[in-house]
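> Mind looking over this structure? Questions follow.
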């Protein structure tokens, strides 16, 4: 089992990692952050809106399912949003340099880390 800092440090050890955060989507506030490329306060708040919009859309469609993760692909970066399966309303957020990251391995590592996170 790993705490917030350990989990975010492990995400930052992924090839191409630039930023990581644990975010409370009920408030949009960060519970922890690592990296310094982006303003993570702004990123946390913005991605909270992304999470809320997706959940609202799923509800409107009558989809009785869970989000494993969401991927936003930019020209130079991958943004991965992974809700915690054990704690509703909390998600891990990672920003990876597209030219350095292996997306499949990064998603797998974040999924594994999500399962061991305790706080």
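The values are calculated or read from the model by the stated rules, or taken from the named source; none is laboratory data. Just so it is clear, the structure is predicted and the values come from calculations on it, not from any experiment. Counting neighbours? That spans all protein chains shown, and the Cβs are built from the backbone with ideal geometry, glycine included.
> Counting residues that are closer than 19 Å to residue 117 by Cβ, which strands (runs of 3 or more DSSP E) fully inside the range 1-98 reach at least 2? Steps first, please.
Details: elements: 17-24, 29-35, 70-73, 77-83, 90-97.
Once the strands (runs of 3 or more DSSP E) in the range 1-98 are filtered for at least 2 residues that are closer than 19 Å to residue 117 by Cβ, what remains is 17-24, 29-35, 77-83, 90-97.
> Tell me which residues, restricted to the range 47-71, are under 12 Å from the mean Cα position of the chain (by Cα) and surrounded by 12 or more Cβ atoms within 10 Å (Cβ to Cβ). Even if it seems obvious, please write down each step before you answer.
Residues of the range 47-71 that are under 12 Å from the mean Cα position of the chain (by Cα), as a first pass: 47-48, 50-51, 67-71.
Within the range 47-71, 47, 48, 50, 51, 67, 69, 70, 71 qualify.
> Still on this structure, I have one more. In the set 109, 115, 100, which member is within 22 Å of residue 2 (Cβ to Cβ) and touching a residue at least 60 places away in the same chain (Cβ under 8 Å)?
On the way: 115 fails: touching a residue at least 60 places away in the same chain (Cβ under 8 Å); 100 fails: within 22 Å of residue 2 (Cβ to Cβ).
After applying the criteria, what remains is 109.
> Sticking with this structure for a sec: Could you please give the count of residues in the range 90-99 that are more than 12 Å from the chain's Cα centre (by Cα) and surrounded by 13 or more Cβ atoms within 10 Å (Cβ to Cβ)? Walk me through how you get there before you give the answer.
First, pick out the residues of the range 90-99 that are more than 12 Å from the chain's Cα centre (by Cα): 97-99.
After this cut, where a residue has to be surrounded by 13 or more Cβ atoms within 10 Å (Cβ to Cβ) as well, the list is 97-98.
Residues that pass the stated criteria total 2.
> Just to be sure before I move on: is residue 28 within 15 Å of the chain's Cα centre (by Cα), surrounded by 12 or more Cβ atoms within 10 Å (Cβ to Cβ) and at pLDDT below 95 in the structure I sent? Walk me through how you get there before you give the answer.
Details: within 15 Å of the chain's Cα centre (by Cα): yes; surrounded by 12 or more Cβ atoms within 10 Å (Cβ to Cβ): yes; at pLDDT below 95: yes.
It is true that residue 28 is within 15 Å of the chain's Cα centre (by Cα), surrounded by 12 or more Cβ atoms within 10 Å (Cβ to Cβ) and at pLDDT below 95.
> Here's another thing I want to ask about it. Please work out if residue 30 is within 21 Å of residue 111 (Cβ to Cβ) and out of contact with any helix residue (DSSP H, G or I) (no Cβ under 8 Å at 6 or more places or on another chain).
On the way: within 21 Å of residue 111 (Cβ to Cβ): yes; out of contact with any helix residue (DSSP H, G or I) (no Cβ under 8 Å at 6 or more places or on another chain): no.
Taking the combined requirement at face value, the residue does not satisfy it.
> How many residues, within the range 22-39, are without any contact (Cβ under 8 Å) to a residue 24 or more places away in the chain and touching a strand residue (DSSP E or B) at 6+ places or on another chain (Cβ under 6 Å)? Full working, then the answer.
Going residue by residue through the range 22-39, those that are without any contact (Cβ under 8 Å) to a residue 24 or more places away in the chain are 27-30, 36, 39.
Now narrow it down to the ones that are touching a strand residue (DSSP E or B) at 6+ places or on another chain (Cβ under 6 Å): 30.
Looking only at that region, the number is 1.
> What's the number of the condition residue 119 fails, among (1) closer than 18 Å to residue 15 by Cβ; (2) at pLDDT below 95?
(1)
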